[in-house]
1. Could you count how many residues in the range 29-55 are exposed (fewer than 13 other Cβ atoms within 10 Å of the Cβ), of a type in the set (K, R) and more than 14 Å from M12 (Cα to Cα)?
2. Quick one: is A52 assigned to a helix (DSSP H, G or I), within 17 Å of P2 (Cβ to Cβ), in contact (Cβ under 8 Å) with a residue 24 or more places away in the chain and of a type in the set (G, A, S)?
3. Out of the residues in the range 14-28 that are outside any helix (DSSP H, G or I) and in contact with a helix residue (DSSP H, G or I) (Cβ under 8 Å, 6 or more places away or on another chain), state the one that is surrounded by the most Cβ atoms within 10 Å (Cβ to Cβ).
Amino acid sequence: MPWSIDRYPASMKNLPPRVRLHAIAIANALLDEGYDEGRCIRIAIARAKQRARTATADRGQDRRSRR
């Protein structure tokens, strides 16, 4: 079942909203590729968190390089 901003797995409940949106998009793409729901959720959460960490690190790097 595809997920949306209003209907998503309980395991995504405590993610920050922006990370949750990315996780939902990733999970839906994985579902389309034929992954089972449980695996989609685990992979999507991990990738969304990694993306958030990378984006945060990139922003910090940009700020340091401007000085």
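Where a number appears in this text, it was derived from the coordinates with a stated rule and is not lab data. Just so you know, these numbers come straight off a predicted model, no measurement behind them. Cβ sites come from the backbone with ideal geometry, for glycine too, and all protein chains shown count toward neighbours.
1. Going through the range 29-55 one residue at a time, the tally reaches 1.
2. On the way: assigned to a helix (DSSP H, G or I): yes; within 17 Å of P2 (Cβ to Cβ): no; in contact (Cβ under 8 Å) with a residue 24 or more places away in the chain: yes; of a type in the set (G, A, S): yes.
Considered against the rule, which asks whether it is assigned to a helix (DSSP H, G or I), within 17 Å of P2 (Cβ to Cβ), in contact (Cβ under 8 Å) with a residue 24 or more places away in the chain and of a type in the set (G, A, S), A52 comes out as no.
3. Quick first cut of the range 14-28, residues outside any helix (DSSP H, G or I) only: 14-16.
From the residues that got through so far, the ones that are in contact with a helix residue (DSSP H, G or I) (Cβ under 8 Å, 6 or more places away or on another chain) too are 15-16.
Values: L15: 18, P16: 11.
Looking at residues that are outside any helix (DSSP H, G or I) and in contact with a helix residue (DSSP H, G or I) (Cβ under 8 Å, 6 or more places away or on another chain), I get L15.
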